[in-house]
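Novice: Once you've had a glance at the structure underneath, I'll fire off some questions.
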Amino acid sequence: MNALAPTGGGGGGGTDDLKEPPKRGRWVPYALLAPGMIWLVVFFLIPMLVQGGTSLQTGGLEKGYEFTWHFSTYWDALQTYYPQFLRSFGYAAAATVMCLVIGYPLAYAIAFKAGKWRGLWLVLVIAPFFTSFLVRTLAWKTILADNGIVVDVLNTLHFTDVTALLGLTEGDRVLATPLAVICGLTYNFLPFMVLPLYASLERIDPRLHEAANDLYADPKTTFRKVTFPLSLPGVVSGTLLTFIPASGDYVNAAWLGSPDTGMAGNVIQTQFLRVLDYPTAAALSFILMLLIVLMVSAYIRKAGTEELV
Amino acid sequence: MTATLTPQTGGSHAGGSHRRATPPAAHQLSAPARALRWLRRNVVTLFGILALAYMTLPNLVVLLFSFNDPNGKFNYTWNGFTLDAWKDPFGVAGIKDSLITSLEIAFLSTLFATVLGTAVAFALGRYRFRGRGLTNTLLFVPMSMPEVVMGASLGTLFLNMRISFGFWTILIAHVMFCLSFVVVAVKARVLGMDPKLEEAAQDLYASPTQTFLRVTLPIAAPGIGAGALLAFSLSFDDFVITNFNSGDTVTFPMFVWGAAQRGTPPQINVIGSAMFFIAIAVVIVGQVRTNRRKQKAS
């Protein structure tokens with residue numbers, strides 16, 4: 001159950017030496033579980049079911065809603081908003097890949113190169129997140145501003161020309177383009193990639209590297225055949241921890257993007273809080289959940305780490 | 001070839017430093033070749049530093065712009081240096097109340113989530129019981145669900161129950177999503193606990209209550225503390241789920257969200273930076289205290 005837990009490991013072992021409660025105390029574990037689990041059932045599980053019910057209602061704010069098995073809400077929602085879903089998963093996938101590309105060397109450096117500075121590196125990974133994430137996301141508006149330093153440099157290097165060809169930017173701007181949204185998502189979810197990666201890299205026995213060296217493996221081969229395979233559990237949980245929240249995010253798309261970069265989260269937010277069309281919002285949210293569950297389970301099967309989840 | 005055959009001693013296990021052929025000594029190489037070699041050896045570290053810079057840059061911008069004297073409503077372009085915002089951090093209508101609301105909700109949801117979560121963690125870490133798998137699944141799913149989905153569905157429940165949104169609905173939502181994280185943090189510690197310690201306490205005639213209070217709880221304390229800290233920061237910083245369940249109640253993230261539409265005062269940056277420094281101070285104090293305890297123990 002621990003693949004997604006940022007602490008990595010820790011669970012698993014030990015379940016065998018759990019004690020059977022004495023006959024008179026059979027109720028003890030249930031008494032301990034009850035308050036917390038009831039909270040989750042009432043405020044997490046039941047809302048999911050209620051939302052499923054609401055998505056099949058018809059009616060309006062004035063007349064009130066009625067349960068009518070109105071499945072076409074789903075069909076209409078998908079037909080109208082499929083671009084947002086495509087963008088959601090596209091941007092989230094791009095951000096996940098970027099996080100892996102940036103996060104892997106960072107986690108590797110912390111695990112193997114930082115030496116006595118390891119603690120400091122880890123604090124530096126986590127510390128930025130003590131400032132509210134909304135405030136930090138606003139800062140990206142400044143960093144990526146038109147005619148700002150970053151955008152000027154990117155323009156001079158003709159980087160924006162390349163991204164414009166790929167359809168990620170438009171003209172000389174970065175703000176209000178898909179690139180800005182992907183950049184913001186990458187930034188926001190990078191620690192969720194780095195920490196599980198670090199946890200799995202850190203557990204690798206250094207003697208395995210020495211053994212690989214003794215067997216005449218050059219550093220590249222050592223990485224390909226020893227380090228990377230052993231870090232796979234971290235890669236799997238890191239990608240999941242990045243992809244899932246990124247695909248549901250709407251703050252980055254709202255602030256760094258334009259109306260043309262809206263994601264599924266933006267539509268759900270608008271339908272729920274502004275249009276007040278609750279059946280559509282519920283249907284959209286249900287679709288998002290379903291698609292993520294499908295994608296994640298397919299991915300986990302493919303990654304072959306069922307035992308981790 | 002000798003280099004490969006000598007076993008590496010000590011803790012150094014740097015991936016790239018161990019080459020098959022003995023590399024030429026540094027003085028035999030020209031300056032650019034030496035620089036290239038150094039670069040090749042340290043490329044991962046350099047890349048890591050760049051990644052850290054990417055992660056820290058927004059914080060530096062937030063700090064810098066807390067000293068800005070913005071021209072107009074929005075604080076996105078540099079206009080001039082001023083200490084005004086730092087002298088009057090609550091000088092914007094609503095910002096102080098939002099901060100107080102956030103602190104209240106974070107404090108209360110930490111309290112509830114830690115108590116409920118610790119009990120669940122003890123049940124999972126200590127006892128065999130039916131329904132274990134189901135319990136684990138129910139704890140795991142909220143952690144792997146996008147926040148929008150959780151926020152929208154809980155909001156739908158409150159709407160259907162005709163419960164009006166506000167302080168209490170936010171609190172309920174925050175306890176819900178913090179709970180699983182507390183369980184994970186505490187369970188790791190409970191599972192690592194040596195059961196012999198408790199048996200020893202009971203052999204020494206400690207009552208079950210005494211054993212729990214004097215042995216079990218102190219050992220589990222670091223896990224509970226970590227869980228509580230995690231819950232506090234998750235709750236304090238939450239925007240998405242709060243957005244769907246807040247009604248007219250404004251937490252600090254909700255204030256920032258609204259400000260992004262109306263105008264962003266530099267006070268937002270002041271509070272953002274202050275939070276950063278306070279958290280760093282907490283980390284440093286905690287570190288110094290554990291170091292001291294370790295020194296005393298040795």
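Novice: Loop-only check: which trypsin sites (Lys or Arg not before Pro) in the range A:67-122 are DSSP coil with at most 11 other Cβ within 10 angstrom?
Specialist: Hits after loop and neighbour filter: nothing returned.
Novice: Report ³J(HN,Hα) in whole Hz for each residue of the range A:104-118, in order, from the Karplus equation J = 6.51 cos²θ - 1.76 cosθ + 1.60 where θ = phi - 60°; Gly and Pro get x.
Specialist: Per-residue couplings from phi come out as 5, x, 5, 4, 5, 4, 5, 6, 10, 10, 6, x, 6, 8, 3 Hz.
Novice: Take the Cα coordinates of the protein assembly as shown, assign each an equal point scatterer, and use the Debye formula without solvent to give log10 I(q)/I(0) at q = 0.12 Å⁻¹.
Specialist: The Cα Debye sum returns log10 ratios of -1.38.
Novice: Two-decimal Rg/Rh of chain A from alpha-carbon positions, Kirkwood Rh?
Specialist: 1.04
Novice: Follow-up. Ordered by packing density, taken as the mean number of other Cβ atoms within 10 Å over each peptide's residues, highest first, how do B:198-206, B:109-117 rank?
Specialist: In descending order of packing, they fall as B:109-117, B:198-206.
Novice: Tell me which aspartates and glutamates have Cα within less than 18 Å of A:K116's Cα, excluding those fewer than 8 residues away on the same chain?
Specialist: A:E202, A:D205
Novice: Please sort A:217-230, B:261-274 by packing, taking for each peptide the average over its residues of neighbouring beta carbons within 10 angstrom, highest first.
Specialist: Details: A:217-230: 15.6, B:261-274: 20.1.
My ranking of the peptides, most packed first, is B:261-274, A:217-230.
Novice: Please find, in a Gaussian network model of chain A (springs between Cα atoms separated by less than 10 Å), the residue of A:M193, A:M98, A:M37 whose mean-square fluctuation is greatest.
Specialist: Highest fluctuation of the listed residues: A:M37.
Novice: What trypsin sites (Lys or Arg not before Pro) does the range B:37-137 have in DSSP loop regions with at most 14 other beta carbons within 10 Å?
Specialist: B:K73, B:R128, B:R130
Novice: Could you derive backbone 3J(HN,Hα) for the range B:269-283 from the dihedral phi with the Karplus parameters 6.51, -1.76 and 1.60 (θ = phi - 60°), listing whole Hz in sequence and x where the residue is Gly or Pro?
Specialist: Per residue, the Karplus-derived 3J(HN,Hα) values read 5, 4, 5, x, 5, 4, 4, 4, 5, 4, 4, 4, 4, 4, 4 Hz.
Novice: Rounded, prolate or oblate: which fits the range B:26-85 when a ≥ b ≥ c are the square roots of the eigenvalues of the alpha-carbon gyration tensor, with rounded for a/c under 1.5 and prolate only if a/b beats b/c?
Specialist: In terms of gyration-tensor shape, prolate.
Novice: If you place +1 on the Cβ of every Lys and Arg and -1 on the Cβ of every Asp and Glu, how big does the dipole about the Cα centre of the range A:164-281 come out, in debye to the nearest 20? Can you show the working numbers first?
Specialist: Numbers: 7 positive and 10 negative charges, 31 e Å.
Using Cβ point charges on Lys, Arg, Asp and Glu, the range A:164-281 gives about 140 debye.
Novice: Right, another one. Hey, with R₀ at 41 Å, roughly what FRET efficiency would B:D248 and B:F212 work out to, going by the Cβ-Cβ distance, to 0.05?
Specialist: Values: r = 43 Å, r/R0 = 1.06.
Given R0 = 41 Å and the Cβ-Cβ separation, E is 0.40.
Novice: Let me have the 222 nm mean residue ellipticity of the protein assembly as shown computed from DSSP H runs of 4+ only, each contributing -39500 (n - 2.57), with the sum over all residues rounded to the nearest 500. Walk me through the intermediate numbers first.
Specialist: On the way: 27 runs with 396 residues, N = 607.
Calculated mean residue ellipticity at 222 nm is -21500 deg cm²/dmol.
Novice: May I ask you to derive the FRET efficiency for B:V283 and B:A221 from their Cβ-Cβ distance with R0 = 22 Å, giving the value to the nearest 0.05? Walk me through the intermediate numbers first.
Specialist: Numbers: r = 18 Å, r/R0 = 0.81.
E(calc), rounded to 0.05, equals 0.80.
Novice: For B:K87, go through the aspartates and glutamates and keep the ones whose alpha-carbon is under 19 Å away, minus same-chain ones fewer than eight residues off.
Specialist: Within the straight-line cut-off, B:K87 pairs with B:D69, B:D97.
None of the figures in this text is laboratory data; all of them are computed from the coordinates on show. Being a predicted model, the structure only gives us computed values, none of them experimental. Please note: Cβ atoms are built from the backbone with ideal geometry, for glycine as well, and neighbour counts cover all protein chains shown.
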